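One structure is given below, encoded as structure tokens.
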Amino acid sequence: MTTVFAEHARQAMRMRLLMGLLLLLIALPLCPVPLLGSEKSAEVIPGPESIGKEWFDSEAVVQPLALSATTQTIHVVTLNDATLGWIFRTDKTPPKCKGKHGEIILWVGLDTEGLIKGVRIIDHVEDKKHFSLLTTSGFFEQFFGRRATDDVAVVDTVTSATRSSSAIRQEVLLGARHIASQPEVAKKIAKPQ
């Protein structure tokens, strides 16, 4: 009798375990919180302050710049009251460009010579396999030192990530050109020799 009771208890325990696993598998896709180990949960997106200190000067002060002609968000980077440059998000600045699957959002830095100071990925919904080609191919390094007025074609696209790379080069160069054309920015950019 004890053996039958023990076997019945083991079967009941297995059934509860299987039901619990089944409920977990059903509920998991509905979970709004990113799981540990997922790419987005492990990644901390830097704000304009840390980007400004990284790209311009560790003692730099970064604050929003109020533009009279637009509502977009630009951050001015200063040191001892001298302007070092500007930082902007591509999703807050024209043009709105999309990759193959959606918008690619970047931080872009522009210095007082009108040169691209840096580019950093904030977010994207592109195919991970193809998008990783952009980060490993030297694609982003092509922007450093480019003038905001440079033609978009000076930056090469990446095979197998053509739409994404085309969108990014437009967002970075045309966005930088747009920022540089704002009166509050344009008056502080040195004219090229």
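The values are calculated or read from the model by the stated rules, or taken from the named source; none is laboratory data. None of the values given here were measured: they were computed from a predicted structure. Virtual Cβ from ideal backbone geometry, glycine too; neighbours counted across all protein chains shown.
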>> Residue pairs, Cβ under 6 Å, 6 or more apart or interchain, first in segment 145-161 and touching a residue at least 24 places away in the same chain (Cβ under 8 Å), second small (Gly, Ala, Ser). List them.
In response: 147/114; 148/114; 148/176; 148/180; 158/137; 158/165
> When segment 147-177 is examined, which residues are found to be more than 13 Å from residue 131 (Cβ to Cβ), modelled with pLDDT under 90 and part of a helix (DSSP H, G or I)?
Replying inline: 152, 153, 154
> When you look at residue 125, is it in contact with a strand residue (DSSP E or B) (Cβ under 9 Å, 6 or more places away or on another chain) and either outside the structural domain of residue 158 (by TED's automatic domain parsing) or over 18 Å from residue 55 (Cβ atoms) (or both), yes or no?
Replying inline: yes
> Which ones in segment 84-122 are among the β-branched types (Val, Ile, Thr) and farther than 21 Å from residue 53 by Cα?
Replying inline: 93, 104
> Given 77, 108, 119, which one is more than 26 Å from residue 162 (Cα to Cα) and β-branched (Val, Ile, Thr)?
Replying inline: 77
> In the set 68, 38, 50, which member is among the polar types (S, T, N, Q), modelled with pLDDT under 55 and under 30 Å from residue 170 (Cβ atoms)?
Replying inline: 38
> With 167, 161, 148, 180 as the choices, which residue is buried (at least 17 other Cβ atoms within 10 Å of the Cβ), of a type in the set (A, V, I, L, M, F, W, C) and in contact with a Cys (Cβ under 8 Å, 6 or more places away or on another chain)?
Replying inline: 167
> Would segment 173-193 turn up any residue that is free of Cβ contacts under 8 Å to residues at least 24 places away in the same chain and more than 18 Å from residue 83 (Cα to Cα)?
Replying inline: yes
